[in-house]
Amino acid sequence: MLSMEKVTQMRRWVILGVLALALLGLLFFFPINNGAYETTRISGRRALRSVTGNELNFNQMLTEQTQNTVELNNGIVRVTFSNPGGDVIGIQYKGIDNLLDIKNPPSNRGYWDLVWKNGEDRLQGTTFKIVTSTADQIEISFNKTYDVSLGDWTLPLNVDKRYIMQRGRAGFYAYAIYERLEGWPELRIDQTRLALKLRQDKFQFMAISDDRQRFMPTAEDREGDHSQTLAYREAVLLTNPSNPEFKGEVDDKYQYSNDVKDIKVHGWISTDDAIGLWMITPSIEFRSAGPFKQELTSHVGPTALTVFLSSHYVGKDVGLTFADGEAWKKVFGPVFVFLNSDVPSSNASFSLWENAKEQMYEEVKSWPYNFTQSEDFPNSDERGSVAGQLLIRDSYINESLVSASYAYVGLAASGYAGSWQTECKGYQFWTQADKQGYFYVKDVRPGNYSLYATVPGFIGDYKYEYDITIEAASEVSLANLTFEPPRNGPTLWEIGTPDRSAAEFNIPDPYPTLVNRLFTGNYANRFRQYGLWERYGDYYPDRDLIYTVGTDNYRDDWFYAHVTRNRNGTYEATTWQIVFQLENVWNTGNYMLQLALASANYAEQQVRFNNRNDAPHFSTGLIGKDNAIARHGIHGLYWLFSVNVPSYRLQQGYNTIYLTQSRNWGPFAGLMYDYIRLEGPPPN
């Protein structure tokens, strides 16, 4: 006979067994469209990050598929996708059923899109498959395939949208493979991005950087009787917002743009729930147009973006243009959508932001990821590197070579010096050199590249004379490289600092009635205030800027943007003057005016010497479409013009250079200067 103790023990095992079977039934069986039952279950171990002890109690991996949805669930976060479209329609986290905007239709919550000649395409997939399912990870694919028989009536592009969920991770990865095959019709793509639209009743605090964080108005605050549209539809004055604290402020999504080199983490916080949702971009290799290209981040919606390609701050020079029959492929991402939480408190926003930055550093350290299943995304072992030292030869500064301190050095598609500013089809790999000019560009995809550099404190762009071929595991070591910046002769005078930006010049205070309080007292971001271009007419109502070399200070006396003047609703061209003295005029050669521009928008720069009524001695012609003045950018596309100045145009004593921005089509026709330098003739 069994003892009472053994009977009790057996009963316990029976009960546990029944409970286990019931749990299995709940977890792994579910109806699909034909009434049958299907399950995919994966469990395993993985190193855990940003996961609390309570979350570790349930750490299963689960994917569920129905006729219209696919769901990934690792016990920490549950993400729902449309099937087979591949939109992100639900994110469940910390007991909140959906962090995305449930008032929006499912197709307008989380999506990839692009803009081409037929408008916006939401890149809806037509097939779904599970790419891989292991103990640690699930990767899924939503594929959109071009039908050649439709010609250019439909988008001639294959798009494979991929999502990855890992065990123990509070979030998911997203990337996409865009591909064209030979023989397909011509195509122009102006923009492509990943967008998440969050719940307005939850997410009201936005964080872009350490010094750009605030509670934000709502989307409704920007509409109807709640606001007044300003010079363009993106900029509004909040006149009757739901929160009276925002009354009288300007909101414009372009005020929250950033250089792509600095867009690594941004997002939103639900302060009531102490929950954060973040876009983490660990690399810029798949971005377009180099490290200084500016893109949107997060803005009122609440919306969080990862923009892979756009014409913002550059113009139509940036875009993907494919000839008829041209083949191409590129991987955008992966990016990490990261979720975190804290105990609600007055300090929660700070701690969530700091935690998001820590996670960003972890993602950067892990780049390139070794877990993506696409053969089009090589891991670190399948990539190469380039190392070297960049030096500067400028005998007018130092007879010896000097280090290219803190230069930005990068690999991009073969082209001319500076062509990386508009290059979009390929990948770019950038690093910042140390004080001695040593650089190391790592984890470069195999391919053929040109090596480029731009050096703070020096005008112009550097390009290495030979192309570089990168192979898997290759380590290219270059001998000392020498950059000779444009230079004709000794410096006679200079205005500004050569850094591809107008930030050092006089940036005026905004109109008191057109302020975004986030930037009040924020010196580094003061250029992001709305309407600063109109202040030129306040500073110079009757005559234009006159700058006297040796007397004036460019930080106080050189306006940040050379714009038109608004005179009773009519915009007129403006002419600035630079007054300087020459003790002697040398007839042994030409002088040189180095004119570096930080931005140009439908502008024409005309230069005259000592006679304002002469025909222009030099003109750029019509240049630029970057619109950086309107979009609160302190730089756009960089331009450099070396203007020959025959000695007969100058005179002993006082001289005047007239700089005319001759195009006057509206308030945003203008340019921003980076740096101006007059050089004497080279010595014999």
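Just so you know, all these numbers are worked out from the coordinates, no wet-lab data involved. Keep in mind that this is a model prediction, so the values were computed, not measured. In this analysis, Cβ positions are derived from the backbone assuming ideal geometry, glycine residues included, and neighbour counts consider all displayed protein chains.
So what's region 557-658 giving for Rg/Rh, alpha carbon basis, Kirkwood Rh from the mean inverse pair distance? Display every interim value, and only then the final one.
On the way: Rg = 15.4 Å, Rh = 15.4 Å.
Result: Rg/Rh = 1.01.
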Calculate the translational D of the chain in whole µm² s⁻¹ from Stokes-Einstein, where the hydrodynamic radius comes from the Kirkwood formula applied to all Cα pairs, the temperature is 20 °C and the viscosity 1.002 mPa s. 77 µm²/s
On a straight-distance basis, which lysines could pair with K117 in a cross-link, Cα separation under 27 angstrom, same-chain partners fewer than 8 positions away excluded? K144, K161, K197, K253, K293, K316, K329, K330, K425, K625
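Using a 10 Å cut-off around each Cβ, can you sort F332, F350 from fewest to most neighbouring Cβ atoms? Write down the numbers at each step before the final one.
On the way: F332 22, F350 14.
If I rank by nearby Cβ atoms, fewest first, I get F350, F332.
Given region 491-679, report the % of alpha carbon pairs whose separation exceeds 28 Å. Working shown, then result.
Values: 4000 of 17766 pairs.
Here the long-distance tail beyond 28 Å is 23 percent of all Cα pairs in region 491-679.
Counting each DSSP H run of 4 or more residues in the chain as -39500 (n - 2.57), what helix-only mean residue ellipticity at 222 nm follows after dividing by all residues, to the nearest 500 deg cm²/dmol? Before the final figure, lay out each step's value.
Values: 4 runs with 53 residues, N = 684.
When only DSSP H runs of four or more count, the value is -2500 deg cm²/dmol.
Throw me the Rg/Rh for region 380-483, computed over C-alpha atoms with Kirkwood Rh, two decimals.
Values: Rg = 13.4 Å, Rh = 13.8 Å.
Rounded to two decimals, Rg over Rh is 0.97.
Using only the Cα atoms, work out Rg/Rh for region 253-362, with Rh taken as the Kirkwood radius, to two decimals. Present the calculation step by step, with values, prior to reporting the outcome.
Working: Rg = 16.3 Å, Rh = 15.5 Å.
Rounded to two decimals, Rg over Rh is 1.06.
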Which one of S242, I546, I284 has its Cα pushed farthest toward the positive end of the charge dipole of the chain, where Lys and Arg give +1 and Asp and Glu give -1 at the Cβ? S242
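Rounded to a whole number of µm²/s, how large is the Stokes-Einstein D of region 54-124 at 20 °C and 1.002 mPa s, given Rh as the Kirkwood radius over C-alpha pairs? The partial results should precede the final answer.
Details: Rh = 13.4 Å.
The calculation lands on 160 µm²/s.
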Give the aspartates and glutamates reachable from K247 as a straight Cα distance under 16 Å; neighbours fewer than 8 places away on the same chain don't count. E220, D221, E223, D225
Check Y591: other-chain or 5+ apart residues with amide H under 5 Å from its amide H, H built from backbone geometry? V645, S647
Tell me which lysines have Cα within less than 22 Å of K365's Cα, excluding those fewer than 8 residues away on the same chain? K261, K264, K357, K442
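Just how large is the dipole of the chain about the Cα centre, in debye to the nearest 20, putting +1 at every Lys and Arg Cβ and -1 at every Asp and Glu Cβ?
1120 debye
Report, as a whole number in µm² per second, the diffusion coefficient that Stokes-Einstein gives for region 181-256 at 20 °C and 1.002 mPa s using the Kirkwood radius over alpha carbon pairs. List each step's numbers first, then the result.
Details: Rh = 14.9 Å.
Rounded, D is 144 µm²/s.
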Rank the residues D101, D443, D674, D324 as a footprinting-exposure proxy: fewest other Cβ atoms within 10 Å of their Cβ go first. D324, D443, D101, D674
